[in-house]
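I have placed the structure first, in the form of structure tokens, so that the comments after it can refer back to it.
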Amino acid sequence: MSPEKPSFDTLCAHAGTSRNAPAIDNLPFVPPVVQSTIFQLGDSAQAEAIFSGTLPGYTYSRFGNPTVDTLAATLARLEGGAGACITASGNAAVLCAVTIALAGRSGPLVTHQDIYGGSFELLRILHEVHHVPVEWVDARDEAAWIAAVGRAGAVLLETPSNPLLRLIDVAATAAAAQPVCAPVIVDNTVATPFNQRPLALGADWVVHSTTKYLNGHSDMIGGALIGREPLSDLARRIHKNLGGTVNAFDAWLVLRGLRTFALRMAAHNRNGAAVAAWLAGHPAVTRVHYAGLPAHPQHDLARRQMQHGGALLSFELAGGEVAARRFVDRLHLIVHAVSLGGLESLVTRPAMSSHRGMSPTDRARAGVSDALIRLSVGVEAEADLLADLDQALAGL
Ligand code: PLP
């Protein structure tokens, strides 16, 4: 590592700080929360220069805010992108990305049936209410996926997917999208830039729910959209006018969370792999969905495009839905709550929570059964997690 090119872990430890700021004496090391809607414009000539962009400056916090911009620059660097927009939620980031990617395009938005339930519902609204062409593909059929990408206006994919942890080959998708110039958006929420860099694999955009691992403390909602190329004026205009901008304090919380991001992810990855392997060997468990397991059908792809398996997994029990409900009710340490990516381990049944808004037919098509249990493995001591799982599975 050289001081000019710090390693990923060092970038995280110094995330958003004034460590590399221009030589202005006495800056606070930790960035301040600029909790102001408005900024003084100065005289008319200066106001005109700021609004026209010839003089750097701020006008109104929906258009730009120093704390939020610090987060944007930090996330762009961690993902290896050239620019980023910060949004008020992960769903707002998906909406913003899709709106930008489809601008001037006539083909459909190609996505897959097992995308996260909130993204699925959003796309259903865009399709059914606003008549945006969307094509949902069963991406397990790789040939069908690549063929659909080859006639796409834009592509939105999630790998690993939530909650089935299925993978899609990002490099192959980007190669298939290139001849038709379809922008490829990858939701990297589950993997995070610690475990996977979609832009380096050929994607055009990465979206995140910063609510999850990037913030990591289950205390805010936010999103981000990171581009391989610098953001165009149109992208900035769409982001500004869709209006889903984050407030400065929530952006600051993500910056604070990022300082420990590399440490947290190392612990998440360790526990995720240990819990997945333990569950796979338990007699009450019929199936574990986790691409980090050598027996997983997409393990080779996981090794090619991911650095680690991550800490989200799902599984099914021999006793089906009844056993799944009993299992959830018996857990002591692992918290029954939605979301993922916090320090604490969380359990849900997606069919009754995150994927509830999908029709039973769409859920069945996506492979999300009523018996499916999703586990977001936290950073607690591995032995405590295994003991809790063991007592909850006993006799099921
Ligand atoms: N993308 C994925 C993969 C998610 O899991 C989620 C939320 O669970 C979202 C997007 C939406 O994020 P948010 O809830 O911050 O809007």
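The values are calculated or read from the model by the stated rules, or taken from the named source; none is laboratory data. Owing to the predicted nature of the structure, the values given are computational and were not obtained by experimental measurement. When we count neighbours, we look across all protein chains shown, and the Cβ atoms used for this are built from the backbone with ideal geometry, even at glycine.
Before moving on, here are some points about what is shown:
- When the stretch 370-396 is filtered for residues that are farther than 15 Å from Trp278 by Cα and over 23 Å from the mean Cα position of the chain (by Cα), the ones remaining, listed by number, are Asp370, Ala371, Gly395, Leu396.
- With respect to the conditions (1) modelled with pLDDT of 95 or more; (2) of a type outside the set (Ser, Thr, Tyr); (3) in contact with a helix residue (DSSP H, G or I) (Cβ under 6 Å, 6 or more places away or on another chain); (4) loosely packed, with under 14 Cβ neighbours inside 10 Å, Phe29 falls short on a single one, namely (1).
- Residue match in the stretch 271-283 (condition: at pLDDT 95 or above, under 26 Å from Gly90 (Cα atoms) and buried (at least 21 other Cβ atoms within 10 Å of the Cβ)): yes
- A search for C-beta distances below 6 Å between a residue of the stretch 38-63 that is small (Gly, Ala, Ser) and any residue that is assigned to a helix (DSSP H, G or I), counting only pairs 6+ apart in sequence or on different chains, returns Gly57/Ile50.
- All positions within the stretch 162-172 that are in contact (Cβ under 8 Å) with a residue 40 or more places away in the chain, more than 16 Å from the ligand (Cβ to nearest atom) and part of a helix (DSSP H, G or I): Ala171
- Among the residues of the stretch 173-183, not a single one is surrounded by 24 or more Cβ atoms within 10 Å (Cβ to Cβ), under 14 Å from the mean Cα position of the chain (by Cα) and either away from the ligand (no atom under 16 Å from the Cβ) or touching a residue at least 24 places away in the same chain (Cβ under 8 Å) (or both).
- Reported count of residues in the stretch 281-299, each being closer than 16 Å to Arg374 by Cβ and touching a strand residue (DSSP E or B) at 6+ places or on another chain (Cβ under 7 Å), is 6.
- The listed residue being more than 12 Å from the ligand (Cβ to nearest atom) and more than 24 Å from Arg349 (Cβ to Cβ), out of Leu157, Leu214, Leu201: Leu201
- Residues located in the stretch 369-386, provided they are aliphatic (A, V, I, L, M) and more than 15 Å from Val347 (Cβ to Cβ): Val379, Ala381, Ala383
- Residue identified as more than 12 Å from the ligand (Cβ to nearest atom), among the hydrophobic types (A, V, I, L, M, F, W, C) and closer than 26 Å to Asp250 by Cα among Ala88, Ala84, Ala152: Ala84
- Taking the criterion of being assigned to a loop (DSSP other than H, G, I, E, B) and over 32 Å from the mean Cα position of the chain (by Cα), the residues of the stretch 38-92 that qualify are Gln40, Leu41, Gly42, Asp43, Thr54, Leu55.
- The residue list Ala324, Ala302 contains one member that is outside any loop (DSSP other than H, G, I, E, B), under 16 Å from Pro160 (Cα atoms) and out of contact with any Ser or Thr (no Cβ under 7 Å at 6 or more places or on another chain), which is Ala302.
- Pair list, Cβ < 7 Å and 6+ apart or interchain, from the stretch 86-113 residues that are closer than 14 Å to Val134 by Cα to residues that are modelled with pLDDT under 95 and part of a helix (DSSP H, G or I): Gln113/Arg365; Gln113/Ala366
- Taking the numbered list (1) assigned by TED's automatic domain parsing to the domain that holds Thr87; (2) crowded, with 22+ Cβ neighbours inside 10 Å in turn, Ile238 passes all entries but (2).
- Condition check for Ser61 on (1) touching a Ser or Thr at 6+ places or on another chain (Cβ under 6 Å); (2) closer than 25 Å to Pro163 by Cα: one failure, at (2).
The rows are residues; the columns are (1) out of contact with any His (no Cβ under 6 Å at 6 or more places or on another chain); (2) assigned by TED's automatic domain parsing to the domain that holds Arg124; (3) in a helix (DSSP H, G or I).
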position: Val338; (1), (2), (3): yes, no, no
position: Val368; (1), (2), (3): no, no, no
position: Leu375; (1), (2), (3): yes, no, no
position: Gly378; (1), (2), (3): yes, no, no
position: Ala383; (1), (2), (3): yes, no, yes
position: Leu386; (1), (2), (3): yes, no, yes
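- For the stretch 193-243, filtered to residues that are closer than 28 Å to Leu167 by Cβ and of a type in the set (D, E, K, R), the residue that is nearest to the chain's Cα centre (by Cα) is Lys212.
- Close contacts from the stretch 345-356, counting a first residue that is without any contact (Cβ under 8 Å) to a residue 40 or more places away in the chain and over 17 Å from Leu122 (Cβ atoms) and a second that is assigned to a helix (DSSP H, G or I) and of a type in the set (D, E, K, R), with Cβ to Cβ under 9 Å and a gap of 6+ residues or different chains, come to Arg349/Glu321; Arg349/Arg325; Ala351/Glu321; Ala351/Arg363.
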